[in-house]
1. Here are Ala163, Ala138, Ala104: which of them is in contact (Cβ under 8 Å) with a residue 12 or more places away in the chain and either of a type in the set (Lys, Arg) or under 18 Å from Ala251 (Cβ atoms) (or both)?
2. Checking the condition within 30 Å of Val347 (Cβ to Cβ), open to solvent by less than 40 Å² (accessible area, probe 1.4 Å) and at pLDDT 95 or above, which residue from Gly36, Gly77, Gly100 passes?
3. Within the range 239-265, take every residue that is among the polar types (S, T, N, Q) and either on the phi > 0 side of the Ramachandran plot or in contact with a Lys or Arg (Cβ under 7 Å, 6 or more places away or on another chain) (or both) and give me the one that is most open to solvent (accessible area, probe 1.4 Å).
4. Scan the range 358-377 for residues that are open to solvent by 10 Å² or more (accessible area, probe 1.4 Å), touching a helix residue (DSSP H, G or I) at 6+ places or on another chain (Cβ under 7 Å) and under 17 Å from Ala310 (Cβ atoms) and report the count.
5. Within the range 304-324, is even one residue of a type in the set (Val, Ile, Thr), at pLDDT 95 or above, touching an Asp or Glu at 6+ places or on another chain (Cβ under 9 Å) and farther than 25 Å from Ser131 by Cβ?
6. Taking the residues in the range 91-117 that are assigned to a helix (DSSP H, G or I) and among the β-branched types (Val, Ile, Thr) as candidates, determine which candidate is farthest from the chain's Cα centre (by Cα).
7. (1) more than 15 Å from the chain's Cα centre (by Cα); (2) free of Cβ contacts under 8 Å to residues at least 60 places away in the same chain; (3) surrounded by 15 or more Cβ atoms within 10 Å (Cβ to Cβ); (4) within 28 Å of Pro290 (Cα to Cα): which one isn't true of Pro236, the others all being true?
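The values are calculated or read from the model by the stated rules, or taken from the named source; none is laboratory data. For clarity, every value in this text was computed on a predicted model and none was experimentally measured. Every residue, glycine among them, receives a Cβ derived from its backbone with ideal geometry; neighbour counts consider all protein chains shown. Remember, those area values only see protein heavy atoms, side chains included, never the ligands or the DNA or RNA. Shrake-Rupley method; radii C 1.70, N 1.55, O 1.52, S 1.80 Å.
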Amino acid sequence: MRFAKRLDAVPPYLFAELERKIAEKRREGVEVISLGIGDPDLPTPEPVVKALAEAARDPSTHQYPSNQGSEKFRRAGADFYRERFGVELDPASEIVPALGGKEAVGHVCLALLDPGDICLSPDPGYPPYTSGPLFSGAEVHYLPLEEANGFLPDLGDVPAEIAARANLLFLNYPNNPTGAIVQPGYFEQAIDFARRHDLAVVHDNAYSEICFDGYRAPSFLETHGAKDVGIEIFSPSKGWNMTGWRSGLVAGNAEIVERFRQLKTNLDSGMFEAVQHATVAALMEARDFPREMSEVYRRRRDLVAEALAAIGLPVAPPRATPYFWVRVPEGYTSESFAELVLEQAGVVVSPGPAYGPNGEGFFRISLTVPDDQLQEAVRRIETSLQAGILKA
């Protein structure tokens with residue numbers, strides 16, 4: 001039996017590997033604490049659950065949905081963007097549902113990239129920014145995210161011959177995995193770069209609703225000219241604890257939105273209308289819920305920052321996202337540190353290179369576990385360090 005070669009072009013998906021390792025350790029009787037996967041531990045808000053249950057009992061939602069999405073869904077998305085970001089969107093032409101942010105990232109590559117094209121992908125970055133282009137037959141040019149530059153890609157460093165072949169630039173702020181926020185004026189630079197090189201910008205806005213210390217993350221679409229060159233992918237997964245619901249939307253440039261919709265009509269049958277009803281409830285009835293979650297993550301952030309500093313792993317507390325991006329102790333690679341932490345402390349962290357080559361020397365911690373487990377995880381790592389099993 002012969003299989004398509006495209007799967008050989010990408011490594012095993014990070015979180016699938018983490019799940020495998022966790023299951024293996026638990027079979028061995030180890031009480032594993034996973035700080036590796038950003039999957040909220042608290043429930044989805046009740047108005048969202050109620051809306052889903054009521055809609056699921058309505059037989060009219062049991063038929064094929066429209067790939068364009070219901071008018072109610074698209075209007076709720078437009079209202080949310082107007083009220084939250086001050087962005088005006090046409091519900092008829094500038095918004096379309098997506099089955100979560102990951103699906104949107106992968107499929108937008110199929111809509112924008114041909115074999116021989118180049119995708120400009122942040123490094124480190126969400127793994128589908130790499131796998132999506134490769135599945136499309138395109139090449140990936142990594143944009144290093146350096147700590148000294150605030151984990152923002154230096155677009156001025158992109159070689160002219162690379163920019164000439166590029167047709168897609170991925171951005172993601174607040175950023176996964178680094179927790180970085182976008183600096184004033186950066187989106188303007190990205191729009192100017194896109195215009196000069198005739199390429200599309202896709203901003204993955206998965207974390208704008210998880211912010212701390214008075215910070216409120218902007219939308220890429222707030223920036224003048226953004227809709228001329230690109231789109232934004234928005235997901236309620238993290239802000240509303242809806243990772244399993246597979247809900248999101250693509251908004252912005254009407255031509256890209258329409259091409260994305262056309263692609264999806266050939267690949268899936270749209271979002272279950274009951275989930276559309278639930279997403280409307282999240283955006284309208286549970287609008288303030290992400291602020292509650294932000295307070296939970298802020299408390300956990302402060303707890304972990306203090307604990308990491310105490311064991312010799314100081315890190316600047318992020319102003320957004322439920323993630324810490326931490327340098328490994330001296331003498332370890334990202335992989336060797338992650339392996340030792342798992343073997344000796346029963347704690348899972350994400351090794352930096354899983355997000356791209358430039359992630360070497362770092363690991364990611366997710367705050368999406370209860371406070372007591374976070375404290376226990378750091379205590380275990382500290383005990384291992386003190387015992388000399390690990391060296392800081």
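1. Working: Ala163 fails: either of a type in the set (Lys, Arg) or under 18 Å from Ala251 (Cβ atoms) (or both); Ala138 fails: either of a type in the set (Lys, Arg) or under 18 Å from Ala251 (Cβ atoms) (or both).
From the options Ala163, Ala138, Ala104, the qualifying one is Ala104.
2. Working: Gly36 fails: at pLDDT 95 or above; Gly77 fails: within 30 Å of Val347 (Cβ to Cβ).
Gly100 is the lone residue from the list that is within 30 Å of Val347 (Cβ to Cβ), open to solvent by less than 40 Å² (accessible area, probe 1.4 Å) and at pLDDT 95 or above.
3. First, pick out the residues of the range 239-265 that are among the polar types (S, T, N, Q): 241, 243, 247, 253, 262, 265.
Subset that is either on the phi > 0 side of the Ramachandran plot or in contact with a Lys or Arg (Cβ under 7 Å, 6 or more places away or on another chain) (or both): 241, 253.
Details: Asn241: 10, Asn253: 26 Å².
Top of the filtered list is Asn253.
4. 2
5. The answer is no, given that none of the residues of the range 304-324 is of a type in the set (Val, Ile, Thr), at pLDDT 95 or above, touching an Asp or Glu at 6+ places or on another chain (Cβ under 9 Å) and farther than 25 Å from Ser131 by Cβ.
6. The first filter runs over the range 91-117 and keeps only residues assigned to a helix (DSSP H, G or I), leaving 101-112.
With among the β-branched types (Val, Ile, Thr) added as a condition, the list becomes 105, 108.
Working: Val105: 10, Val108: 15 Å.
Filtering the range 91-117 for residues that are assigned to a helix (DSSP H, G or I) and among the β-branched types (Val, Ile, Thr), the one farthest from the chain's Cα centre (by Cα) comes out as Val108.
7. Of the numbered conditions (1) more than 15 Å from the chain's Cα centre (by Cα); (2) free of Cβ contacts under 8 Å to residues at least 60 places away in the same chain; (3) surrounded by 15 or more Cβ atoms within 10 Å (Cβ to Cβ); (4) within 28 Å of Pro290 (Cα to Cα), the odd one out for Pro236 is (1).
Residue by residue, here is whether (1) aromatic (Phe, Trp, Tyr); (2) free of Cβ contacts under 8 Å to residues at least 60 places away in the same chain; (3) assigned to a helix (DSSP H, G or I) holds:
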{"position": "Arg2", "(1), (2), (3)": "no, yes, no"}
{"position": "Arg26", "(1), (2), (3)": "no, yes, yes"}
{"position": "Ser60", "(1), (2), (3)": "no, no, yes"}
{"position": "Gln68", "(1), (2), (3)": "no, no, no"}
{"position": "Glu88", "(1), (2), (3)": "no, yes, no"}
